[in-house]
Amino acid sequence: PLPTSLPTTAPTAKPVQTQQAQKETIFVGNPPKKPLNECEGDCDNDDECAGDLVCHQRDPFETVPGCTGGEGSGNYRDYCINDSTASPTTSASPTHAPTISSVPTVSPAPSVQPSLNPTPAPNSVSERFKLRLYWSPNYNWQETRKETFWCWQCRGGCKVDKLIEIDHCKGADYFQYYGEDNSYRPFSNPELCVTEDGFDKESRPLRLKKCNGGIKQKWDNSGYSESVGFNFDKSKPWEIHPESKMDKCVTQMHHPKAHERVFIRRCQKPRINTTSKWVTYG
């Protein structure tokens, strides 16, 4: 094409941005036989991704950052991505002042009958227990229906910043549940609380931090299909959720093995993998 006869006198309003072509999501296998590259799945954790890629946990029809195809897929497959492509979502136009509601908050009506399995009363501290990943005879973990015992354990001792993993219950650590602030604490070091450290990534496991009463140390205990909370009945499992985030569950995600990290992710896939429920043990 011929050049314009005269140059423009003003810059263009917006610079032209070159957009890199995105890769298509590809299902390689689960479990994969080799580390997955960017936009390949189905991964269960970061260790199944090549190099510095991370496993992006997704829901059906959810976009995979840096890739195309996830938005048209109705399954729960997770894909390896470059973590720098997963930028946080921000409000398009934030307001200048906080929103104030003119409608007062009203507590729901109290139940007529007491709960069959109430949580501990305020200021109460439970007996010590081991927290076991619930097992049922119809579970087929690691291609076997043999009963297995996997419990919470502090990796390297129950000290500040140590992470929570699962290991054989025989040598696992004891914990206590504090009803006053809905916290879980190691029996050997009750000044520390189990604390959330992010969502949807095995690289962000639960860790022990100094108890401060913050929301990241508060947990909702509930049943998935029945009204069950924290209890000592081994036949009545419950799910553990970050406070006010009932769509997210404490899990180690896939069929259990020793030293897998315990972290928080959206509940759908742990429920499919039968790894969203816990019971007291020992």
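Condition check ((1) in contact (Cβ under 8 Å) with a residue 60 or more places away in the chain; (2) over 26 Å from Tyr76 (Cα atoms); (3) touching a Gly at 6+ places or on another chain (Cβ under 7 Å); (4) β-branched (Val, Ile, Thr)) across all residues:
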| site | (1), (2), (3), (4) |
| --- | --- |
| Arg207 | no, yes, no, no |
| Lys216 | no, yes, no, no |
| Ile240 | no, no, no, yes |
| Lys245 | no, no, no, no |
| His259 | yes, no, no, no |
| Val262 | yes, no, no, yes |
| Asn273 | no, no, no, no |
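Hey, could you check the stretch 199-211 for residues that are modelled with pLDDT under 90 and farther than 18 Å from Trp152 by Cβ and say which is least open to solvent (accessible area, probe 1.4 Å)?
Of everything passing the filter in the stretch 199-211, Asp200 is least open to solvent (accessible area, probe 1.4 Å).
Could you list, in sequence order, the residues of the stretch 61-98 that are modelled with pLDDT of 85 or more, open to solvent by less than 40 Å² (accessible area, probe 1.4 Å) and part of a loop (DSSP other than H, G, I, E, B)?
Val64, Pro65, Gly66, Gly69, Asp78
Identify, from the list Lys269, Lys170, the residue that is within 18 Å of Trp135 (Cα to Cα) and surrounded by fewer than 19 Cβ atoms within 10 Å (Cβ to Cβ).
Only one candidate passes the filter, namely Lys170.
Go through the stretch 148-188 and count every residue that is touching a helix residue (DSSP H, G or I) at 6+ places or on another chain (Cβ under 8 Å), over 14 Å from Phe230 (Cα atoms) and among the polar types (S, T, N, Q).
1
The values are calculated or read from the model by the stated rules, or taken from the named source; none is laboratory data. None of the values given here were measured: they were computed from a predicted structure. Please note: Cβ atoms are built from the backbone with ideal geometry, for glycine as well, and neighbour counts cover all protein chains shown. These area figures cover heavy atoms from the full protein model, side chains too; ligands, DNA and RNA do not enter into them. Shrake-Rupley method; radii C 1.70, N 1.55, O 1.52, S 1.80 Å.
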